[in-house]
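To keep things clear, I will list the structure first and then write my remarks on it.
Any read-out appearing in this document is the output of simple, stated calculations on the displayed coordinates, not a laboratory observation. Here the structure is a predicted model, which is why all the values come from computation and not from measurement. With ideal geometry, Cβ positions are generated from the backbone for all residues, glycine too; neighbour counts draw on all protein chains shown.
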Amino acid sequence: MQQAGDEGMTEAKWHAIIHNDASYDFRFIYAVKTTGIFCRPSCKSKMPNKENVLIFQNAEQALSAGYRPCKRCKPTGERLPDQEWVSQITACIDRNYNGSLTLEALADMCHGSPYHLHRTFKRIKGMTPVEYIQQARMNKAIEYLTVTNKTVSDIALNVGMPNTPYFITLFKKKTGHTPADYRRIIRKKSEG
Ligand SMILES: [Zn+2]
């Protein structure tokens, strides 16, 4: 039975669905009658039975026919650009955390307002950009403490925190140890 808005299946569309062909994304979406969910052609979710699949031109039609968007492929296309933006932001942090990276500088580099960047990042990553920056710095500091003999103030500088006392305070807050203690513990462990 054909439903309102259903464009009908073609061989090309079915082929796109079974091969998760992303080049068909935004050209049509498919809904699955048995689950009530609709997906992009590229979605890697479980293969539906062909007879249960309806083809819609876009997400709006599927929504108005009563289908819900898949949480995995997010076929409404609203959240994916945010996710792409957030992965650009994290890549930018990963490249620049060792400089004097502030939220304002980050927003500038990633073409958004600090407020919007902060909110979008937090919604998608579950942590603020500043927390992510701190985490990147602490991870690198742990690496330096473990594999090098750099001094604590050298390490602080190398992870973008020229204020050593502040670095020590943050490190202790995140790991429960001062950097010097952390190094001692790690060294002791490796000595057996
Ligand atoms: Zn999906």
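Other residues whose C-beta falls under 9 angstrom from the C-beta of Y97 contribute a net charge of +2, scoring Lys and Arg +1 and Asp and Glu -1. The value of relative contact order for region 87-150, using C-alpha pairs under 8 Å at least six residues apart, is 29 percent. Using only side-chain charges placed at the Cβ, +1 for Lys and Arg and -1 for Asp and Glu, the dipole size of region 142-189 relative to its Cα centre rounds to 260 debye.
Taking a Cβ cut-off of under 14 Å around Y166, the surrounding Lys, Arg, Asp and Glu residues balance to a net charge of +4, with basic ones at +1 and acidic ones at -1.
Within region 7-46, which chymotrypsin sites (Phe, Trp or Tyr not before Pro) sit in a loop by DSSP and count at most 15 neighbouring Cβ atoms inside 10 Å? Intermediate results must be reported in sequence, preceding the final value.
Details: sites: W14, Y24, F26, F28, Y30, F38; in loops: F26, F28.
Sparse-neighbourhood loop chymotrypsin sites (Phe, Trp or Tyr not before Pro): F26.
How high is the relative contact order of region 81-192, given as a whole-number percent (alpha carbon pairs under 8 Å, six or more residues apart)?
After rounding, I find 23 percent.
What net charge do the residues around T35 carry, taking every other residue with its C-beta under 11 Å from that of T35, with Lys and Arg at +1 and Asp and Glu at -1? The partial results should precede the final answer.
On the way: positive: K33, K46, R68; negative: none.
In short, +3.
Helix 79-96 and the longest principal axis of the C-alpha atoms of the chain enclose an angle of approximately 20°. Separation of the alpha carbons by more than 22 angstrom is noted, of K125/K150; K44/K122; K33/K71; K13/K74; K46/K122, for K125/K150; K44/K122; K46/K122. In this simple spin-label approximation, S190 and L103 carry label points 7 Å from Cα along the Cα→Cβ vector, and these lie 3.7 nm apart.
Here the simple spin-label model places points 7 Å from the Cα toward Cβ, and for N158 and K174 these points are separated by 1.5 nm. Using the Cβ-Cβ distance between Q135 and K44 with R0 set to 22 Å, the FRET efficiency from 1/(1 + (r/R0)^6) comes to roughly 0.15. For the chain, the residue among H177, S100, I18 whose Cα projects farthest onto the positive side of the dipole built from Cβ charges is H177. Place a point 7 Å from Cα of E143 in the direction of its Cβ. Which residues in region 86-101 have their backbone N less than 13 Å from it? Of the residues in region 86-101, 94-98 have backbone N under 13 Å from the label point off E143.
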